[in-house]
Every structure is written in C-alpha cells, then in structure tokens.
Amino acid sequence: MKILITGADGQLAMEFQRYLEKADCYQATALNKEKLDISDLNAVSEAILHSKPDIVLNCAAYNQVDKAEDDCNAAFKVNAAGIKNLAFSCKKNDALLVHYSTDYVFDGTKEDFYTEDDVPNPINNYGKSKLAGERFLIEGTDNFLLFRVSWVFGHGKQNFLYKLTELARKDNKLKIVCDQVSVPTYTGDIVMITMLAIEKRIRGLYHLTNSGYASRYEVARYYFEKLKLCNLLLPVTSNHFPMTAKRPYFSAMSNTKISEAVHQRIPDWKDAIDRFVSGAQKRLNPETSSGHVLKV
Ligand SMILES: NC(=O)c1ccc[n+]([C@@H]2O[C@H](COP(=O)([O-])OP(=O)(O)OC[C@H]3O[C@@H](n4cnc5c(N)ncnc54)[C@H](OP(=O)(O)O)[C@@H]3O)[C@@H](O)[C@H]2O)c1
C-alpha cells in the first residue's frame, strides 16, 4: 500500500511517519508545506499523479485559531480550498482520502457529548474554515475517512501541553482557563485508530478522541503533577484572557461510533498523557528513563 502524507512537519504527520517507518506493508512518502502546498491545485494534482498513492493522509492544516480571525482568507485557503483540491485529485486517482477536522465545528452549548449526528455551528473563523473543508470533502469524493479530533497533543509545538511547559519555564504562577472543556487527544492514539479503520475498510465521518473530558485547568493540573512541576496553577474564566477568537465552552465529543466500528476501547486522556510523558522521558534519557522526571 502506498501512502502520501501531507503537512509532514506537523505533530500528527510526524507520529504517522514514526509508525509507518516500522510497518512493513506500507510505503510512505511525506511532503511538507514547502514540497507540497495543498492550496495549490496543480501541485496537488501533480504530487498525486506522480506518487500514485492508495491512501492520502492529510495532516496539513492552518491551526492558528486567533490569527484566523484577522486572516480568514489564509485559513480558508488551506482548510477549505486545500481539501477541495485533495478530494478532487484523490477521486480522479482512486485514492482514499483520510482527513482531520475539529471539535471547534461545534458551538459548545449542547451541555453533553457531541455525536456525529449533531449539527455543527462554528463560532470562530478557524471552525468555519474546517467545516467548509468537511463539506468540500464530502461533496468531492465518497472514498474518505473524516475524523474530528480535539485538543491534539504529541511531539510538536502546536499544542496545549507544549505551550504549558514553555509558560512554566517563565513563571511560577500560571492562570489557566477552567471554562473550556473538551478531550485532550494523543497523536499516538489517533494514528492507532486511523490505521485500524483503514485496515477494516471503514469509510465516513467519525469523532476520534481519547475517552473522558476535562477543562484546560484540569489538564494542566494532571500534566504538572506527572512532571512533578511545582508551579502554582490558578483557575480563571476565559474572560480573564481576552482572546481574538471565541472558543466553545463544552466541545467534548463522543468516540463511541469509531470505538464500536474498530472494536477497540480508546484509552482515557489521563492514560494518554502518562504514555506521552514516559515516551518523552525515554527519548530524552533512554538509559535511565524509568521513574525520572522530564526536564522542562
Ligand atoms: N492541534 C490541535 O489541537 C488540533 C485540534 C483539533 C483538530 N486538529 C486537526 O488535526 C490535524 C493535525 O493537526 P496537527 O496538530 O498535527 O497540526 P500542526 O502540528 O499544526 O501541523 C499542520 C502542518 O500543516 C502545515 N501546513 C500549513 N499550511 C499548509 C499548506 N498550505 N500545505 C501543506 N501544509 C501546510 C503546517 O506548516 P506550518 O506550521 O509551517 O504552517 C504544519 O506543518 C489538522 O487537520 C488539525 O486542524 C488539531
């Protein structure tokens, strides 16, 4: 099976590359933004025609939620037009397109877990651009897997845990919002479930998150305890930090549909953070990793 990965320098794409390096039955090519800009239709057509993939894993995205408020066009160019280009070229070349969207397509007012049957209503430009991408995907091809993921973390910089460790270096007292709730989701688990879904020839829209839910404040408390960091964490409401983009209050999604489809229970977010921290410790200090504290 030939796989083409887009957005190769991002955190999810890097996790796929680590996984596929060890998998015998897949031959993967990974292209970063410089090698393949998904908003360029000619470049996308040429790349797919040239590498003739069976599967395209689209990990490319414009993820800067606040910046998208001021530069809506930039977000739509990648997150909407980019997906239209990929769907068109994948259909033409008979390739499966695997794409990732977000919990930010929901407004967060449901007061329960969002399921695949709920109607999206994004409250910021990032969410609107990702929803437009979903629609282009569904209109453009039947041969797709569309996963909505939330609060993605892995070995990269575009995530909450990385930002927390950066803040912890600078300040002993951190204020963290307690009125944004969703599900932190580990790139390692996204890769595992995606590959199972591919192997089982599943198609369609699924919510792919770790299990459970938490506020940003709860995530920070758990992560800092794991790292044995002593910073004082103070819970505050979102209006404490005037952000350019509005965020949903409770955008946690149910992973029941995908979990049943692949016959796999998806681990809790705390378990995922445990594995992420111990993986990072092993990478930093392979000889003496067990029981040691990750230096941040
Ligand atoms: N991170 C999250 O918390 C989160 C939450 C919900 C959903 N998601 C979705 O999950 C998926 C994976 O996200 P991630 O966390 O791995 O994101 P990431 O780390 O930000 O990676 C995205 C990659 O896409 C690249 N890119 C941007 N514009 C591009 C273009 N026009 N053509 C090709 N590549 C381009 C980025 O390059 P530059 O950095 O150089 O621009 C970056 O390397 C995305 O669809 C994202 O929207 C993520």
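Structure notes:
- Of residues in the stretch 143-166 being more than 21 Å from Asn79 (Cβ to Cβ) and touching a residue at least 12 places away in the same chain (Cβ under 8 Å), the one farthest from the ligand (Cβ to nearest atom): Thr165
- For the stretch 104-120, a tally of residues being within 16 Å of the ligand (Cβ to nearest atom) and within 22 Å of Thr141 (Cα to Cα) returns 3.
- Summed over the stretch 1-25, residues that are within 16 Å of the ligand (Cβ to nearest atom) and not in a helix (DSSP H, G or I) total 8.
- Residue-level check: of (1) touching a residue at least 40 places away in the same chain (Cβ under 8 Å); (2) within 20 Å of Phe76 (Cβ to Cβ); (3) away from the ligand (no atom under 15 Å from the Cβ), Tyr100 misses just (3).
- Residues that are under 20 Å from the mean Cα position of the chain (by Cα) and within 17 Å of Ser45 (Cβ to Cβ) were ranked within the stretch 79-95; the one that is nearest to the ligand (Cβ to nearest atom) is Gly82.
- Number of residues in the stretch 173-187 that are in a strand (DSSP E or B) and without any contact (Cβ under 8 Å) to a residue 60 or more places away in the chain: the value is 0.
- Given (1) touching a residue at least 24 places away in the same chain (Cβ under 8 Å); (2) in contact with an Asp or Glu (Cβ under 7 Å, 6 or more places away or on another chain), index of the condition Asn121 fails: (1)
- Test: residue in the stretch 147-154 that is farther than 26 Å from Ala272 by Cβ and of a type outside the set (Val, Ile, Thr): no
- Boolean, Ala214 is over 30 Å from Asn93 (Cα atoms), more than 13 Å from the ligand (Cβ to nearest atom) and within 17 Å of the chain's Cα centre (by Cα): yes
- Residues (in contact with a strand residue (DSSP E or B) (Cβ under 8 Å, 6 or more places away or on another chain) and of a type in the set (Val, Ile, Thr)) located in the stretch 65-96: Ile83
- Put simply, of Glu139, Glu166, Glu134 the only residue that is crowded, with 19+ Cβ neighbours inside 10 Å, charged (D, E, K, R) and in a helix (DSSP H, G or I) is Glu134.
Here, each number is a calculation from the coordinates, and none is a lab measurement. All figures in this text were calculated on a predicted structure; none of them were measured in a lab. Reconstructed Cβ throughout: ideal geometry from the backbone, glycine too, with neighbour counts over all protein chains shown.
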